[in-house]
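Here's the structure we're looking at; comments come further down.
The values are calculated or read from the model by the stated rules, or taken from the named source; none is laboratory data. Keep in mind that what you see is a predicted model, and the values were worked out from it rather than measured. Backbone-built Cβ (ideal geometry, glycine too); neighbour counts: all protein chains shown. Heads up: the accessible areas ignore ligands, DNA and RNA and are worked out on the full protein's heavy atoms, side chains in. Shrake-Rupley method; radii C 1.70, N 1.55, O 1.52, S 1.80 Å.
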Amino acid sequence: MPGEPDDDYRVVLDEGSLDWRHLSKAELRDVLVVFGDLLEPLADGRLAAFMDPAYSTECLPDLTLGDLIYTPHPAVPRDERVRLAKLLDKCRALEPQEEDLPQFVRVNKDGWKEASWGMTHTLVRAATGRAMSCLVVPVTPGPSGWTTVNRETDQVDIHILSDPTEATGFWREIYTRELTPEDQFFTLSGLAFPELLFAPSLSFRRFKSAYTEVLPWLVRLLGALNDHFADDLTDHAGDHNQVMARFSALGLDISPESPLTRRNTKAWAERLVTYRDTEYRCEWHGKRLWDRDRVHFSLPIPEQDGRILIGIFVDHLS
């Protein structure tokens with residue numbers, strides 16, 4: 001079903017970023033908020049994990065993570081403590097294996113330093129070809145996004161998640177890095193495109209081109225619709241030409257249906273899509289090529305929290 005989450009974890013907490021002993025009380029509060037924001041969309045029991053040694057990491061003087069989340073402390077706001085306790089309780093706790101023993105790594109031009117259990121485990125998983133992200137609480141400036149990490153024996157690409165706004169980029173990149181199989185496309189859609197809805201009737205077989213040919217364009221189109229379409233409509237007061245120009249600057253061709261199509265009763269009816277027992281009109285479309293491979297989508301739907309329905313994958317409608 002569209003939107004079902006991936007059934008294996010891809011994000012691992014770097015417990016090395018939990019050392020907050022040098023922070024002021026105000027800085028600590030801000031860090032705890034960001035930590036919670038990073039975990040919030042991941043804490044479903046499957047997507048995120050941490051290594052058991054994280055519980056014994058000293059976050060504040062004489063206060064480990066395990067103590068911090070379950071024991072009141074004057075420097076830790078109660079709401080953030082309770083929030084983190086609930087979120088971490090929904091993440092997987094992993095017993096370290098021999099291959100997870102912390103090793104020395106180098107990022108960019110920085111010197112060699114010992115990685116945490118979580119970072120090492122992320123690298124071990126990524127070295128097998130699985131796209132992985134390491135959640136790093138941003139207490140000091142550091143790399144973010146896709147990063148090449150040097151180990152003593154090789155180089156491994158991982159994603160560093162230190163900004164909640166970068167999360168969707170990680171999930172989208174998985175599609176092309178791993179060439180996600182057609183029957184697994186929607187396992188990541190809720191994370192990669194949280195502002196979109198996907199009709200259960202969608203079928204890649206209705207595109208004229210092969211799935212592997214359509215995939216890179218489709219991910220770019222859905223990402224842009226998720227990030228920009230609703231805001232562009234608002235910013236330009238519904239001016240179609242301005243919205244189209246905005247997407248053209250991104251290398252994407254989208255447009256509303258023409259007046260001719262709207263006057264054609266049969267053709268106009270083809271744009272109706274049922275989602276959760278309600279019909280919505282998918283009156284805009286994006287096209288990969290001028291004569292084939294189109295994605296029809298709706299305007300933002302108020303009763304669906306302003307989300308956009310991706311309703312039809314098709315070669316070309318009437």
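So, restricting to strands (runs of 3 or more DSSP E) that lie completely within region 82-196, which ones have at least 3 residues that are touching a Gly at 6+ places or on another chain (Cβ under 9 Å)? Please lay out each step first, then the result.
Working: elements: 92-94, 104-107, 133-135, 145-150, 155-161.
Qualifying strands (runs of 3 or more DSSP E): 155-161.
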Q. If you check residue 41 against the conditions, is it open to solvent by 20 Å² or more (accessible area, probe 1.4 Å), under 16 Å from residue 171 (Cα atoms) and not charged (D, E, K, R)?
A. yes
Q: Hey, can you tell me all the residues within region 105-139 that are touching a Pro at 6+ places or on another chain (Cβ under 9 Å), within 14 Å of residue 157 (Cβ to Cβ) and surrounded by fewer than 20 Cβ atoms within 10 Å (Cβ to Cβ)?
A: 107, 108
Q: Would you mind telling me which numbered condition in (1) within 17 Å of residue 39 (Cβ to Cβ); (2) modelled with pLDDT under 95 residue 142 fails?
A: (1)
Q) Does residue 41 count as within 16 Å of residue 13 (Cβ to Cβ), touching a residue at least 12 places away in the same chain (Cβ under 8 Å) and in a loop (DSSP other than H, G, I, E, B)? A) yes
Q) Of the residues in region 146-185, how many are of a type outside the set (Val, Ile, Thr), buried (at least 19 other Cβ atoms within 10 Å of the Cβ) and in contact with a Leu (Cβ under 9 Å, 6 or more places away or on another chain)? A) 8
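Just the residues that are exposed (fewer than 15 other Cβ atoms within 10 Å of the Cβ) and within 16 Å of residue 202 (Cβ to Cβ), please, taken from region 278-315.
Hits for region 278-315 are 279, 315.
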Q) So residue 92 clears everything in (1) in contact (Cβ under 8 Å) with a residue 12 or more places away in the chain; (2) open to solvent by less than 40 Å² (accessible area, probe 1.4 Å) except one condition, right? Which one? A) (2)
Q: Identify, by number, the condition in (1) touching a residue at least 40 places away in the same chain (Cβ under 8 Å); (2) of a type in the set (A, V, I, L, M); (3) open to solvent by 70 Å² or more (accessible area, probe 1.4 Å) that residue 260 doesn't meet.
A: (1)
Q.
If I ask for residues that are surrounded by fewer than 19 Cβ atoms within 10 Å (Cβ to Cβ), touching a strand residue (DSSP E or B) at 6+ places or on another chain (Cβ under 9 Å) and in contact (Cβ under 8 Å) with a residue 40 or more places away in the chain, which ones from region 203-216 would you list?
A. 203, 204, 206, 208, 209
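Could you identify the single residue in 212, 234 that is more than 27 Å from residue 306 (Cβ to Cβ), of a type in the set (Ser, Thr, Tyr) and part of a helix (DSSP H, G or I)?
Details: 234 fails: more than 27 Å from residue 306 (Cβ to Cβ).
Checking each option against the conditions leaves just 212.
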Q: Report whether or not residue 228 is closer than 21 Å to residue 201 by Cβ and not β-branched (Val, Ile, Thr).
A: no
